[in-house]
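Dropping the structure in here first, questions after.
The values are calculated or read from the model by the stated rules, or taken from the named source; none is laboratory data. Keep in mind the model is a prediction, meaning the values are calculated, not measured. Neighbour counts run over all protein chains shown; Cβ positions are idealised from the backbone, glycine included. Surface accessibility is based on the protein's heavy atoms, side chains included, excluding ligands, DNA and RNA. Shrake-Rupley method; radii C 1.70, N 1.55, O 1.52, S 1.80 Å.
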Amino acid sequence: MSNSTVSRRHFIKVTSVAGGGIMIGFNLLADGIAVADTPGVFNPNAYVSIDSKGLVTLMSPNPEIGQGVKTALPMILAEELEVKWDKVEVEMAPLETKYGNQMAGGSSSVRTRYMPIRQAGATARQMLTTAAAQTWGANEADCYAENAFVIHKPTGKKLSYGELAAKAATLPVPTDVKLKDPKDFKIIGTSVPNIDNKKIVTGQPLFGIDTRRDGMLFAAVAKAPAFGKTLKSFDDTEARKVTGVKNVVAVPSRNLVAVLATSTWAAKKGKAALKVEWEDKTPLESTTDHFASFAELLSKTTDRPSRNDGDVEAALAKGKVIEATYELPALSHANMEPLNFFADVRDGKVDLYGPTQIPSRLRNDVANNLKVPQDIIVLKMPRQGGGFGRKLQSDNGVDAAMISQAAKVPVQMLWAREDDMQNDFYRPSYMYKYRATIGPDNTIAAWHLNAAVLADRGASIPSGFPAASIPNFRVDNHTLPSNIQTGPWRAPTSNAVCFADESFMDELAHEMKKDPIALRLELLDKYKNNPTGKANYDVDKFKSVVDLVSQMSNWGKNKKPNTYYGFAMHYSFATYAAHVVELTKSPKGDLRVTKVYCAVNCGRVINKSGAESQVQGAIVDGLSHAMFSKVTFNKGTVEQTNFHTYKFLRMKHAPLDVVVKFVPSEDAPTGLGEPGLPPIAPAVGNAIFAATGKRYRKLPFELGNA
């Protein structure tokens with residue numbers, strides 16, 4: 001790593017800034033890898049600036065949705081630039097082409113920005129060092145950077161970055177820049193508090209919901225009460241009588257009516273007074289019908305399997321067939337911050353401000369709906385109160401813009417929790433049917449997964465574990481068309497198929513009288529030494545987390561009374577995670593997850609405390625949804641309306657401890673916001689079986705002790 005270099009062509013420009021500073025632009029391609037310029041291709045850039053007072057500013061291009069990029073990115077910059085991390089100021093970049101792909105999703109923010117930001121910091125450091133050497137007439141090899149100063153080693157003389165910034169800006173960009181050797185890291189890999197902690201706990205206005213602008217009205221929105229219904233007519237007579245209500249507008253293209261008022265309370269009361277008539281447009285669907293249709297789909301295979309190694313049917317015909325079917329419900333994102341957005345569409349301009357994970361697509365969708373060019377749209381983003389995939393949709397920004405255009409005033413559209421719960425883009429429901437047989441040598445001879453999902457293309461991961469480790473292996477995928485809105489939900493597809501795969505793997509281990517971890521290690525060895533085709537996982541990295549979590553939990557050696565254990569593992573977003581759940585049973589038979597052990601291989605960890613928080617949060621989130629949460633539909637209507645019916649984990653059910661350890665790695669960072677979630681549900685289910693002898697194949701577990 002210490003010999004890493006940066007091509008001169010990778011850097012686009014160095015410019016002076018007002019007051020005698022330096023600004024360095026650097027390539028921010030989506031994959032975060034330095035590449036040579038391609039003729040005819042525009043390379044977008046982001047900027048690091050150092051002013052004459054030595055203030056270092058990073059324009060952070062990725063939305064902050066709680067994944068910690070506002071802290072991790074300045075840590076990376078500060079490391080290479082040789083300044084204390086808390087001396088770097090971070091500003092959320094507005095949406096501009098030069099910042100590259102500004103989305104937040106797929107656990108990608110840090111892993112795609114890691115190398116570009118390191119390179120930008122290293123280039124700035126070298127140019128400042130060159131500027132100091134020239135100022136002193138010294139040999140550059142005798143100068144080094146430390147704590148925002150360049151120091152002349154023989155004499156001890158030093159100059160601050162602020163004093164050197166103007167001169168550095170006049171220098172040519174170096175052709176080769178050495179990155180720091182990781183053994184010299186002082187900041188990366190340490191634990192630092194979230195940069196916004198104080199502002200969050202003291203209630204300072206950080207979020208879209210806090211937006212206030214002159215002349216702004218608050219918009220409460222009435223949407224269809226069921227999927228499949230459309231707006232027919234409305235009567236706003238009583239709504240307009242509510243004190244504070246200023247206007248009521250309909251936006252038929254968005255299937256909504258908005259009440260605009262001087263406060264959120266007035267808008268809410270006005271909405272309650274609205275009389276809206278809806279009519280059926282498409283069939284009104286129910287959850288019971290979805291699962292009946294799933295069962296019908298899974299009664300047959302597809303003409304084009306997603307994977308088909310060997311001859312599954314022939315192998316199944318030779319031995320005892322073990323079968324199991326798993327069901328998973330739809331889920332809501334239930335972000336802590338309900339959906340909101342500010343929009344001001346007037347005078348040939350569009351000013352947008354609010355939470356989104358996909359700013360570029362949101363701007364495009366707003367432009368298409370307003371029928372205006374994108375270049376008149378200015379979009380800025382606040383810190384966001386959660387995302388989990390919900391803000392990968394653009395509906396909040398588009399709705400706000402359309403309401404503002406119709407009312408000709410700036411508006412803040414704010415959904416109530418009921419709006420949020422009943423108009424989500426839900427994690428779809430799934431059904432998985434497995435068949436397997438055990439060979440005469442007590443190994444898995446055949447594995448068949450038949451999977452079905454509602455209104456989504458991804459029901460399984462055909463090249464994920466245990467693919468390529470079983471000689472006869474087939475995966476069929478079915479999609480059930482639906483008018484229910486579905487979309488990505490934390491660790492898409494993985495959050496569902498991991499439960500089914502790892503639960504069935506545990507069932508096979510029990511059938512084979514093998515230790516669950518030993519069986520998985522056996523299969524990993526088979527893939528490494530005698531693979532059947534190719535898979536998407538790395539055996540050694542998988543083993544690294546299995547071995548670590550086994551040590552952490554003292555797997556197989558615990559003898560505590562009324563205490564039981566379950567194991568699961570998964571690979572997603574280039575990261576490996578393995579969980580062991582400790583579950584206790586009370587004298588009354590009540591079950592509780594008391595402790596979770598988690599081992600993660602995610603490459604180099606940037607902020608240890610932030611990384612731990614991400615994994616612990618994912619585990620608690622996954623546990624909550626495994627134990628309690630579900631969304632059901634009855635004739636198109638979402639039956640859950642708020643947290644009294646969409647149940648979440650309460651304090652009395654939370655684990656007493658969640659222990660997270662990271663496998664030491666020299667690799668670049670991989671994803672971390674999502675991989676901790678998928679293994680928790682099967683690990684809990686497997687622990688429940690160990691405690692009760694009963695298999696729970698349907699989520700949520702709903703054990704009856706809520």
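Can you tell me the mean projection area, over all orientations, of the convex hull of region 658-699's alpha carbons? Units nm², please.
Numbers: hull surface 17.5 nm².
Average projection, Cα convex hull of region 658-699: 4.4 nm².
Convex hull over the Cα atoms of region 507-570, averaged projected area in nm²?
Details: hull surface 20.9 nm².
Averaged projected hull area, Cα only: 5.2 nm².
Order the following by accessible area, largest value first: Thr129, Thr237. Probe radius 1.4 Å; ligands, DNA and RNA are ignored.
Numbers: Thr129 15, Thr237 70 Å².
Ranked from most to least accessible, the order is Thr237, Thr129.
Which residue, Ser109, Val201, Asn147, has the largest displacement toward the positive end of the dipole of region 89-202 when charges sit on each Cβ (Lys, Arg +1; Asp, Glu -1)?
Result: Val201.
With point charges of +1 on the Cβ of Lys and Arg and -1 on the Cβ of Asp and Glu, referenced to the Cα centre of region 599-678, which listed residue (Ile606, Leu649, Phe662) lies farthest in the positive direction of the dipole?
Result: Leu649.
Report the label-to-label distance for Thr288 and Thr243 in nanometres (one decimal), using points 7 Å from each Cα along the Cα→Cβ vector.
Using points 7 Å along Cα→Cβ, the separation is 4.7 nm.
Given only helices, namely DSSP H runs of n ≥ 4 each adding -39500 (n - 2.57), what is the per-residue ellipticity at 222 nm of the chain, to the nearest 500 deg cm²/dmol?
Working: 15 runs with 192 residues, N = 706.
So the calculated ellipticity at 222 nm is -8500 deg cm²/dmol.
Which percentage, to the nearest 5, of the DSSP beta bridges contained in the chain is antiparallel? List each step's numbers first, then the result.
Working: 93 of 124 bridges.
Rounded to the nearest five, the antiparallel share is 75 percent.
I'd like the Karplus ³J(HN,Hα) series for region 165-171: coefficients 6.51, -1.76, 1.60, θ = phi - 60°, whole numbers in Hz, and an x wherever there's a Gly or Pro.
These are the phi-based 3J(HN,Hα) values: 4, 4, 5, 4, 5, 8, 8 Hz.
Taking Cα centroids, how far is region 193-239 from region 619-634 in Å?
Rounded to whole Å, the Cα centres lie 25 Å apart.
Here's a follow-up. Can you give me the Cα centroid spacing of region 355-386 and region 439-515 in angstrom?
Here the answer is 37 Å between Cα centres.
Using the Karplus curve 6.51 cos²θ - 1.76 cosθ + 1.60 with θ = phi - 60°, work out ³J(HN,Hα) for each residue of region 596-611 in order, rounded to whole Hz, and write x for Gly and Pro.
10, 9, 9, 10, 10, 10, 10, x, 5, 8, 7, 10, 4, 5, x, 5
Then there's this: Jot down the radius of gyration and Dmax of region 191-294, Cα atoms only, both in angstrom.
19.4, 58
State log₁₀ I(q)/I(0) for region 172-248 at q = 0.15 Å⁻¹ as given by the Debye formula over alpha-carbon point scatterers of equal weight, solvent excluded.
Calculated log10 I(q)/I(0) at the listed q: -0.88.
With every protein chain kept in place and ligands, DNA and RNA left out, what is the accessible area per residue of the chain? Probe 1.4 Å, answer in Å². Present the calculation step by step, with values, prior to reporting the outcome.
Numbers: 28670 Å² over 706 residues.
Counting only protein heavy atoms, the per-residue value for the chain is 41 Å².
Stretched out fully, how many nm does the piece from Leu55 to Ala317 gain, at 0.36 nm a residue minus the Cα gap? Each step should come with its number before you reach the end.
Values: separation 262, 0.36 × 262 = 94.32 nm, distance 7.14 nm.
So the extension gain works out to 87.2 nm.
Okay, moving on. With a cut-off of 16 Å, note down the residues of region 160-187 whose backbone N falls inside the zone around a label point 7 Å from the Cα of Glu140 toward its beta carbon.
165, 167-180
Continuing with this model, one more query. Mind checking the dipole of the chain: about its Cα centre, +1 per Lys or Arg Cβ, -1 per Asp or Glu Cβ, Debye to the nearest 20? Write down the numbers at each step before the final one.
Numbers: 85 positive and 72 negative charges, 193 e Å.
Here the size comes out at about 920 debye.
With each pseudo-label sitting 7 Å past Cα toward Cβ, what's the Lys98-Lys198 distance in nm, one decimal?
3.1
Something else about it: Restricting things to alpha carbons, tell me how big region 473-619 is in terms of Rg and Dmax, in Å.
In order Rg, Dmax, the Cα atoms of region 473-619 give 17.2, 51 Å.
Could you name the aspartates and glutamates whose alpha carbon sits less than 17 Å from that of Lys541, not counting residues in the same chain fewer than 8 places away?
List returned: Glu522, Asp525, Glu666, Asp667.
While we're here: Can you give me the C-alpha center-to-center distance between region 531-590 and region 113-163, rounded to a whole angstrom?
Cα centroid to Cα centroid, the span is 47 Å.
For region 473-554, what are Rg and Dmax over the alpha carbons, in angstrom?
My reading of the Cα-based Rg and Dmax gives 16.0, 48 Å.
Would you rank Thr262, Thr288, Thr57 by solvent-accessible area, highest first, keeping every protein chain in place and using a 1.4 Å probe? All intermediate terms of the calculation are to be shown ahead of the outcome.
On the way: Thr262 75, Thr288 110, Thr57 15 Å².
Ranked from most to least accessible, the order is Thr288, Thr262, Thr57.
Which percent of Cα pairs goes in each bin when the distances of region 592-706 are cut into 10 angstrom slices starting at zero?
Going from the shortest bin to the longest, the percentages are 12, 39, 30, 16, 3, 0.
With the cut-off at 23 Å, tell me which of the pairs Lys320/Lys543; Lys186/Lys380; Lys318/Lys543; Lys232/Lys268 have Cα atoms farther apart than that.
Values: Lys320/Lys543 30 Å; Lys186/Lys380 33 Å; Lys318/Lys543 32 Å; Lys232/Lys268 21 Å.
Violating the 23 Å limit, Cα to Cα: Lys320/Lys543; Lys186/Lys380; Lys318/Lys543.
Can you pull the Rg over Rh of region 95-186, Cα-only, Kirkwood?
Working: Rg = 15.9 Å, Rh = 15.0 Å.
Here the Rg-to-Rh quotient is 1.07.
Okay, next question. For the chain, give the percent of accessible area contributed by carbon and sulfur heavy atoms, probe 1.4 Å, rounded to a whole number. All intermediate terms of the calculation are to be shown ahead of the outcome.
Details: 14460 of 28670 Å².
Carbon and sulfur atoms account for 50 percent of the accessible area of the chain.
When all protein chains stay in place, what accessible area (Å², nearest 10, 1.4 Å probe) is found for His290?
For His290, solvent-accessible area is about 10 Å².
A follow-up question, please. So for Arg457, Arg650, Arg417, Arg427, what's the accessible-area order with a 1.4 Å probe, most first? Please report the intermediate quantities before stating the final value.
Details: Arg457 220, Arg650 120, Arg417 35, Arg427 10 Å².
Result, largest first: Arg457, Arg650, Arg417, Arg427.
Still on this structure, I have one more. Which entries in the list Lys608/Lys661; Lys557/Lys595; Lys87/Lys199 go over 20 Å, if you measure between the two C-alpha atoms of each? Please list the in-between numbers first.
Values: Lys608/Lys661 10 Å; Lys557/Lys595 16 Å; Lys87/Lys199 17 Å.
Listed pairs above 20 Å: none.
Can you give me the long-range amide H partners of Trp278? Hydrogens built in the peptide plane at 1.01 Å from N, cutoff under 5 Å, separation of 5 or more residues or another chain.
Placed amide hydrogens put Lys232 under 5 Å from Trp278.
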